[in-house]
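Structure record follows, encoded as structure tokens.
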Amino acid sequence: MSGRRLLLLGGIGLILSGMFFGDIFAVFTLHQNAAQVETSLAAAADAALAGNRQAVLADFQNAGAFLENRGTKVDTHVHMIDFGYLALMLAILQPWLAFTEGAKKRLAWAFLTGAWLLPVGVYLIHYVGLAHSPMKAIGWASIAADFGGLLVLIVTFVCLLGLWKHFRGKLTSPPDALLADRSMEGRMLFAGGIALVLLGFFHGAYYAATDLYRHEAQDYSLLAQMSAGAAAGARDVVDQALGDYGQLQGAKAVNIAAHAHSIEFGLLAIMLAFFQPYVRLAASWKRRLAGVLLLGSLLLPVCVLLEMKFGLVAGGLADFAGLVIIFALLATWIGILRYTGELDASVRPVAGSGAPR
């Protein structure tokens, strides 16, 4: 197994794990957590109206704990997927790294170790805290996460040095069958990925031009209304401001999530287009998987965007689209696992000679 294939399998594995974790978190934790935060903020407003300073402090502490719990789960989900993307990018660049195959494999293992250690450490931060930590402000989970991030940083820097060494020495690389592939499924993924990225860009530009600054102004004004209503003892003003604030945060969240997911899935499709020769499945099945992946990648951000209007129906369809993408990725991962290695062997030097086989 080459360093490229290790990064490819590990990268897709990270993306699969991140998406599966994100789906579970969205279904069983995210909405309940948001409701708890809203309840704590409402209780803090009621306590402020009653002049109970201690209750206000306790309610804000509860809201902070729920937000920390949510933040560590979101960070775990995001870091897994982002490190998976970085692994796929490094896999594409393998022929241009001026290292031996053994060194590339060691770098791949070091990268994957750090890429798994960081999100697991981030996930445990909320549960481990500062217990038995040698530091006052950093717990063992944070230390493990930072070490994982350092491993990823070092490997990425070494790969950049390998690229610099290759191009500085003007070394010639053997023909890369992956980059030379022009199969139907590869072209489907490449074209569909570019379309998804463009769609995400256009939506982000539209949201920034029409709603973003208005939402930021409303954010400030609603918080001011809450404070003024609490100071004046006007419970109805506080309740109205709280409800409007929740709706505003929901509108901002779905627009940002739709924008980000469209671009992320587009980049994923583009990178997977390069690795179709590694997928040991029939061409017809690879085309079906490409179509399923692109369909789910389009359906998910659209349904996320519609959640404010259609509620749980759109949310359920978004979760279903996430499962569709997971299925397509898992089938692709299995196909790569079944790959026998002939493309890697075709460019590996024969012992005792400098010529490729």
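The values are calculated or read from the model by the stated rules, or taken from the named source; none is laboratory data. The model shown is predicted, which means the values in this text are computed figures rather than measured ones. Every residue, glycine among them, receives a Cβ derived from its backbone with ideal geometry; neighbour counts consider all protein chains shown. Surface areas here come from the heavy atoms of the whole protein model, side chains and all, with no ligands, DNA or RNA. Shrake-Rupley method; radii C 1.70, N 1.55, O 1.52, S 1.80 Å.
Quick look at the values:
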| item | result |
| --- | --- |
| Structure-based [θ]222 nm, the chain - -39500 (n - 2.57) summed over DSSP H runs of at least 4, per residue, nearest 500 | -27500 deg cm²/dmol |
| Dipole magnitude (debye, nearest 20) for the range 183-349, charges at Cβ of Lys, Arg, Asp, Glu | 780 debye |
| Ratio Rg/Rh [Cα only; Rh per Kirkwood] for the chain | 1.06 |
| 17 Å reach of a label modelled at residue 168, 7 Å along Cα-to-Cβ, counting backbone N of the range 98-128 | 98-100 |
| Mean Cα-pair separation over length for the range 183-349, i.e. relative contact order, pairs under 8 Å, 6 or more apart, % | 30 percent |
| Electrostatic dipole magnitude of the chain [Cβ: Lys, Arg +1; Asp, Glu -1; Cα centre; debye, to 20] | 1780 debye |
| Accessible heavy-atom area order of 206, 278, 123, highest first, probe of 1.4 Å | 206, 123, 278 |
| Cα-based shape type of the range 209-292, given that a ≥ b ≥ c are square roots of the gyration tensor eigenvalues and the cut on a/c is 1.5 | prolate |
| Tensor-based shape of the range 1-170 (alpha-carbon gyration tensor, a/c under 1.5 rounded, otherwise prolate or oblate) | prolate |
| Span from the the range 206-231 Cα centroid across to the the range 77-124 one, whole angstrom | 41 Å |
| Förster-model FRET efficiency, 25 Å R0, residue 29 and residue 58, C-beta, rounded to 0.05 | 0.65 |
| The chain - accessible surface per residue (Å², probe 1.4 Å) | 52 Å² |
| Reach of residue 309 by Cα under 17 Å, taken over aspartates and glutamates that are not fewer than 8 positions away in the same chain | 211, 244, 319 |
| Most mobile listed residue (92, 154, 326) in the chain, GNM with C-alpha springs under 10 Å | 154 |
| Folded to 0 to 90 degrees: helix 283-305 orientation relative to the chain principal axis, Cα | 20 degrees |
| Neighbour net charge for residue 237 - beta-carbon separation under 14 angstrom, K R +1, D E -1 | -3 |
| Rounded, prolate or oblate (a/c below 1.5 giving rounded, otherwise prolate when a/b exceeds b/c) for the range 183-349 by Cα gyration tensor | prolate |
| Residue among 232, 191, 87 with the largest mean-square fluctuation in a Gaussian network model of the chain, springs linking Cα atoms under 10 Å | 232 |
| Table column - 3J(HN,Hα) (Hz), the range 261-278, Karplus curve with 6.51, -1.76, 1.60, x for Gly and Pro | 5, 4, 5, 4, 5, x, 5, 4, 4, 4, 5, 5, 4, 6, 10, 4, x, 6 |
| Summed residue charge, Cβ within 14 Å of residue 152's Cβ, Lys/Arg positive, Asp/Glu negative | -2 |
| Cβ-placed point charges (K, R +1; D, E -1), dipole of the range 1-170 about Cα centre in debye, nearest 20 | 1060 debye |
| Dipole-positive endmost among 234, 336, 246 within the range 183-349 (Cβ charges, Cα centre) | 336 |
| Accessible area of the range 183-349 belonging to carbon and sulfur atoms, whole % at 1.4 Å probe | 71 percent |
